[in-house]
Amino acid sequence: MHTRLLSTDDQGLAIACDWLSQGDVVAMPTETVYGLAGDARNATAVARIYEAKGRPSFNPLIVHLPDRVAAEKVAHFDDAARALAAAFWPGALTMVLPLREDAGIASLVTAGLDTVALRVPAHPVAHALLERFGGPLAAPSANPSGRISPTAAAHVADTETGLGGRIPAVLDAGNCPVGVESTIIGWVDGRPALLRPGGVSAEQIEAVLGQPLTRPAINPDAPNAPGQLTSHYAPRASLRLNATSVAPGEVMIGFGEVAGELTLSASGDLAEAASNLFDLLRQADATGRPIAVATVPETGLGAAINDRLRRAAAPR
Ligand code: TXA
Ligand code: MG
């Protein structure tokens with residue numbers, strides 16, 4: 001199969017919608033990372049997503065919707081969920097909520113759970129596609145399972161490190177502005193919990209909720225967010241964290257005052273660093289050399305960046 005790059009104009013969106021209506025998959029840009037979209041109501045389409053990614057079937061998918069009204073038809077929202085939706089949608093927040101029985105979502109999307117992960121993306125192309133398609137789109141990040149997430153159409157279409165040759169099309173909208181996946185919030189024993197740090201910081205969410213988020217213990221055998229699989233976002237090369245200088249043979253990724261051959265953000269800007277993260281990991285990996293990364297502070301978006309770096313560095 002040849003993977004086509006589609007323009008994001010009317011014609012490109014029409015072709016993408018045709019594929020989706022036929023139960024096929026299309027990669028779409030979102031403000032966080034590119035997603036591999038399929039009709040969330042169509043079990044065959046959802047099976048194609050899992051197949052193209054080589055994804056373990058216990059790992060459920062995020063359902064993308066055009067707005068909060070559409071989202072409330074899929075899951076039950078309480079006051080806290082409504083407050084978060086009002087504050088952060090459209091945007092880089094995913095909420096795991098009780099699934100409505102009449103939602104019509106294929107059970108493969110939720111891997112049989114009675115909860116569903118929902119997100120209203122802010123990217124204009126994702127929004128236009130959702131409006132035009134007129135249904136919920138299941139979309140995990142558009143990378144082979146366990147590999148580095150894609151923040152450009154070329155990452156998705158790469159035949160070696162991406163899904164090139166395994167999916168029909170990618171809507172090409174250039175680089176993803178946020179660069180790390182959405183923050184996932186769930187409710188554990190009735191309390192709001194951070195299941196995956198991401199593009200909206202925990203501090204921002206806690207400010208809206210007026211209470212701290214719990215951080216559930218990680219159980220690698222029963223992951224309730226993907227990030228909980230220990231080795232994830234994995235480059236092929238080894239990765240050394242908190243490097244203050246480069247060792248012989250290494251390729252260094254700098255941050256702030258710690259310089260490198262590649263740099264997340266020379267000025268120490270965490271948003272810039274997040275948007276560069278996955279592309280720089282790919283560039284570093286392409287050198288075939290071991291990778292060293294400078295320390296990134298744990299505040300704000302730094303929590304999501306460090307989460308991805310720790311997973312990329314985890315033994316596998
Ligand atoms: O930014 C993002 O979130 C991107 C873009 C494409 O929207 N999507 C993304 O999807 O990162 P994915 O599949 O790579 O990660 C979503 C994770 C799943 O792996 C899963 O562990 C968690 O969300 N999840 C989905 N449904 C869940 C549920 N019902 N309960 C707990 N966790 C769930
Ligand atoms: Mg992913």
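The values are calculated or read from the model by the stated rules, or taken from the named source; none is laboratory data. Quantities reported herein were computed from a predicted structural model and do not represent experimental measurements. Here Cβ is always computed from backbone atoms with ideal geometry, including for glycine, and neighbour counts include all displayed protein chains.
Would you check if there is a residue in segment 157-176 being out of contact with any helix residue (DSSP H, G or I) (no Cβ under 7 Å at 6 or more places or on another chain), more than 16 Å from ligand 2 (Cβ to nearest atom) and within 19 Å of LEU97 (Cβ to Cβ)?
no
Within the bounds of segment 31-52, is there any residue that is in contact (Cβ under 8 Å) with a residue 12 or more places away in the chain and in contact with a His (Cβ under 6 Å, 6 or more places away or on another chain)?
Yes, segment 31-52 has at least one match.
Does GLY179 satisfy the criteria of being within 20 Å of the chain's Cα centre (by Cα) and either assigned to a strand (DSSP E or B) or crowded, with 21+ Cβ neighbours inside 10 Å (or both)?
On the way: within 20 Å of the chain's Cα centre (by Cα): yes; either assigned to a strand (DSSP E or B) or crowded, with 21+ Cβ neighbours inside 10 Å (or both): yes.
Against the criterion (within 20 Å of the chain's Cα centre (by Cα) and either assigned to a strand (DSSP E or B) or crowded, with 21+ Cβ neighbours inside 10 Å (or both)), GLY179 qualifies.
As an exercise: evaluate ASP24 against (1) at pLDDT below 95; (2) not in a helix (DSSP H, G or I) and give the number of the one condition it does not meet.
ASP24 satisfies every listed condition except (1).
Filter segment 182-197 down to residues that are more than 16 Å from ligand 2 (Cβ to nearest atom) and not in a loop (DSSP other than H, G, I, E, B), then give me how many there are. So that I can check it myself, show each step before the final result.
Let us first name the residues in segment 182-197 that are more than 16 Å from ligand 2 (Cβ to nearest atom), namely 185-194.
Next, from what is left, pick out any that are not in a loop (DSSP other than H, G, I, E, B): 185-188, 191-194.
Qualifying residue count, segment 182-197: 8.
Quick one: is GLY162 outside the structural domain of ALA303 (by TED's automatic domain parsing), modelled with pLDDT of 95 or more and more than 13 Å from ligand 1 (Cβ to nearest atom)?
On the way: outside the structural domain of ALA303 (by TED's automatic domain parsing): yes; modelled with pLDDT of 95 or more: yes; more than 13 Å from ligand 1 (Cβ to nearest atom): yes.
For GLY162, the condition - outside the structural domain of ALA303 (by TED's automatic domain parsing), modelled with pLDDT of 95 or more and more than 13 Å from ligand 1 (Cβ to nearest atom) - is met.
With a cut-off of at least 3 residues that are within 13 Å of ligand 1 (Cβ to nearest atom), name the helices (runs of 4 or more DSSP H) lying wholly within segment 33-102. If you could, list the steps in order and put the result at the bottom.
Details: elements: 43-53, 68-72, 79-88.
It comes to 43-53.
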